[in-house]
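Enquirer: First the structure, then my questions, so here it is.
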Amino acid sequence: MAEKVVFESARKADADMRQARNPVEDKNVIEEVDKVISAAADAGASEVHLEPVQDGYVIRVREAGTLRKVSDIPERLKLNVANRIKVLAGLDITKSRIPQSGYFKLVHGDKKLELNVYSMPMLYGESIVIKLSYKVSATMRLHQLGMQPAVLATYQKALARGSGLYLITGPPGSGKRTTIYASILEELKPDQLALGFDPVVKYEVPGMVQGKPEEKSEYTFAEAITALIRQEPDIAYIGEISGEADARATIQGAFAKRLVLARMTANDSVSAIQNLIDMGIQPFLIVASLAAVINQRMVRRLCPSCRQPYSADATMEREIGLKLPDGAQFYKPKGCPACQGTGYRGFLAIFELYKPNEELGKMVIAKEPVQNIRSKAFKDATYTLKVDGIMKALGGYASLEDVLNCL
Ligand SMILES: [Zn+2]
């Protein structure tokens with residue numbers, strides 16, 4: 001670790017608290033905590049766990065999904081170690097019998113991190129978890145996301161309109177933020193302003209100002225959306241819409257000439273519209289503002305060096321419910337040195353795009369069932385999630401099982 005580690009406290013008041021508690025900040029304790037955190041950052045770890053045991057703390061670090069023990073803290077230093085982390089994260093060190101959460105930032109070599117800290121009282125003291133999220137510049141472009149050419153072209157055309165509401169939807173962990181930032185990179189011009197507000201700020205974009213709600217925020221998420229829109233961004237990103245107030249503030253913002261991208265949890269593109277109606281938004285407001293809805297899933301990408309082809313049969317065709325081309329093949333994972341024996345290398349997304357038109361708008365306003373609207377929207381062989389997934393399975397990018405499981 002040649003690089004100097006610079007800690008930046010999340011709240012200004014923390015600096016005062018740190019000075020007031022100087023005796024607590026025993027030099028060895030600071031060094032020990034800093035060493036553990038910077039080693040975790042070096043290794044690209046996702047979490048640091050301080051597990052209270054009868055005679056101190058056991059510190060374990062999660063790397064690539066697996067916990068590994070890195071340090072034992074003796075009982076006499078337990079409180080000091082806990083306090084060092086709590087001070088950094090802006091937690092109240094006078095309180096150890098209530099759960100608390102906070103965060104701090106860390107610049108480590110060329111890595112920028114945000115560390116979210118969660119504490120809770122347990123039998124042998126406070127259990128503390130530090131979750132590390134690495135700030136990275138958004139670099140993924142729309143054409144690299146793996147959308148079918150027709151879907152990509154339609155979505156790019158919709159984005160180029162430059163105003164209205166663009167909903168990026170899917171279950172948690174489906175790669176929605178990646179699509180959102182790729183959309184922003186696609187559309188943000190040097191003479192424009194983008195503003196974003198999201199509980200987790202995962203990517204940085206030049207020309208984009210981003211914020212996040214905090215535990216001690218004295219405003220609601222919906223109030224933050226309204227405030228953000230009043231700052232007159234050309235592009236606004238809202239992550240995520242989870243209730244009527246959020247939805248209303250977001251849709252209001254989409255009526256001015258600006259592009260509003262919002263993240264939302266939904267099973268498919270048309271259900272996302274239904275979710276807004278269920279939240280209490282009038283259908284005509286949705287129809288008047290909506291420019292596009294994407295729904296997506298993320299599946300494991302098969303390792304191209306070792307995937308095993310096999311022929312599709314009639315049973316599979318029945319299970320899938322689609323007519324497959326003659327001689328269709330799917331692929332199974334195997335495992336080789338290139339993929340560390342896992343059979344997979346990375347992930348890929350599958351997409352469906354709902355592009356509103358007048359006819360579909362009338363159906364939404366008439367509150368027709370989701371299934372009817374879906375049939376109409378996707379009748380011209382446009383890619384649904386399922387069709388896109390099967391195409392990618394036939395292309396050998398993903399296994400049929402993974403595709404069917406994620407739908
Ligand atoms: Zn392989």
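Each value in this text was obtained by applying a stated rule to the coordinates, not by laboratory testing. It should be emphasised that the depicted structure is a prediction, and the values quoted were computed from it without experimental measurement. Neighbour counts are summed over all protein chains in view; Cβ atoms, including those assigned to glycine, are modelled from backbone coordinates with ideal geometry.
Enquirer: Just checking the chain: which Cys have no other cysteine's beta-carbon under 4.7 Å?
Expert: C406 - these cysteines have no disulfide-compatible partner (Cβ-Cβ under 4.7 Å) in the chain.
Enquirer: Say the dipole of the chain comes from +1 at the beta carbon of Lys and Arg and -1 at that of Asp and Glu; which of A291, Q210, A82 then lies farthest toward its positive end?
Expert: Sorting the options by dipole projection puts first A291.
Enquirer: Hey, another quick one. Arrange the following residues from fewest to most other Cβ atoms within 10 Å of their Cβ: L165, L115.
Expert: Working: L165 27, L115 23.
Ascending Cβ contact count within 10 Å gives the list L115, L165.
Enquirer: Moving to a separate point now. Past 20 Å, Cα to Cα, is the threshold; run K95/K135; K157/K392; K112/K202; K131/K212; K355/K392 against it and keep the listed order. Can you show the working numbers first?
Expert: Details: K95/K135 30 Å; K157/K392 24 Å; K112/K202 11 Å; K131/K212 16 Å; K355/K392 22 Å.
Those over the limit are K95/K135; K157/K392; K355/K392.
Enquirer: Starting with the highest mean, order 287-300, 243-256, 363-376 by the number of other Cβ atoms within 10 Å, averaged over the residues of each peptide.
Expert: Working: 287-300: 21.8, 243-256: 19.1, 363-376: 14.4.
Highest-to-lowest ranking by the protection proxy: 287-300, 243-256, 363-376.
Enquirer: For each of T94, T154, T169, count neighbouring Cβ atoms within 10 Å of the residue's Cβ, then give the residues from fewest to most.
Expert: Working: T94 9, T154 17, T169 27.
Fewest to most other Cβ atoms nearby, the residues stand as T94, T154, T169.
Enquirer: In addition: Hey, what do the phi angles of the stretch 183-196 turn into as Karplus ³J(HN,Hα) couplings, whole Hz, using 6.51/-1.76/1.60 and θ = phi - 60°, x for Gly and Pro?
Expert: 5, 5, 4, 5, 9, 6, 8, x, 9, 10, 10, 10, 10, x
Enquirer: Given the stretch 53-107 reduced to its alpha-carbon atoms as identical point scatterers, what log10 I(q)/I(0) does the Debye formula return at q = 0.21, 0.23 Å⁻¹?
Expert: -0.98, -1.07
Enquirer: Further, regarding this structure: Under 14 Å between alpha carbons, and skipping anything fewer than 8 positions from K332 in its own chain: which aspartates and glutamates qualify?
Expert: Those aspartates and glutamates meeting the cut-off are E401, D402.
Enquirer: Expressed as a whole percent, how much of the Cα-Cα distance distribution for the stretch 130-232 exceeds 22 Å?
Expert: Values: 1926 of 5253 pairs.
For the stretch 130-232, the share of Cα pairs beyond 22 Å comes to 37 percent.
Enquirer: What does the helix-only formula give at 222 nm for the chain: each DSSP H stretch with n ≥ 4 adding -39500 (n - 2.57), the total divided by the residues, and the result rounded to the nearest 500 deg cm²/dmol?
Expert: On the way: 14 runs with 142 residues, N = 407.
Calculated from helices alone, the mean residue ellipticity at 222 nm is -10500 deg cm²/dmol.
Enquirer: Once the Cα gyration tensor of the stretch 142-406 is found, what semi-axes does its equivalent ellipsoid get, as square roots of 5 times the eigenvalues, in whole Å, sorted largest first?
Expert: On the way: eigenvalues 235, 102, 49 Å².
Each semi-axis is the square root of five times an eigenvalue, giving 34, 23, 16 Å.
Enquirer: Kindly put I320, I238 in sequence by how many other C-beta atoms sit within 10 Å of each C-beta, fewest to most.
Expert: Working: I320 19, I238 29.
So the ranking, lowest neighbour count to highest, is I320, I238.
Enquirer: Can you pull the percent of Cα pairs in the stretch 278-378 with separation above 17 Å? Let's see the in-between values first.
Expert: Numbers: 3499 of 5050 pairs.
The calculated P(r) of the stretch 278-378 puts 69 percent of pairs beyond 17 Å.
Enquirer: Among C306, S183, Q252, pick out the residue whose Cα is farthest towards the positive end of the charge dipole of the chain, where Lys and Arg carry +1 and Asp and Glu carry -1 on C-beta, about the Cα centre.
Expert: C306
Enquirer: Please give the length that would be gained between A227 and S375 if that part of the chain were fully extended, namely 0.36 nm times their separation in residues minus their C-alpha to C-alpha distance (nm, one decimal).
Expert: Details: separation 148, 0.36 × 148 = 53.28 nm, distance 3.84 nm.
Additional length available on full extension: 49.4 nm.
Enquirer: Further question on the same structure: Antiparallel DSSP bridges in the chain: what percent, to the nearest 5?
Expert: On the way: 57 of 84 bridges.
The antiparallel fraction comes to roughly 70 percent.
Enquirer: Might you report the magnitude of the Cβ-based charge dipole of the stretch 278-357 about its Cα centre, with Lys and Arg at +1 and Asp and Glu at -1, to the nearest 20 debye?
Expert: Numbers: 10 positive and 6 negative charges, 86 e Å.
Once rounded to the nearest 20, the dipole reads 420 debye.
Enquirer: Here is a further query. When the Cα centres of the stretch 148-195 and the stretch 362-407 are compared, how far apart do they sit, in Å?
Expert: What the calculation gives is 19 Å, centre to centre.
Enquirer: Follow-up. Quick check on packing: order 303-312, 121-130 by the mean number of other C-beta atoms within 10 Å, highest mean leading.
Expert: Details: 303-312: 15.0, 121-130: 18.0.
Going by the mean number of other Cβ atoms within 10 Å, highest first, we get 121-130, 303-312.
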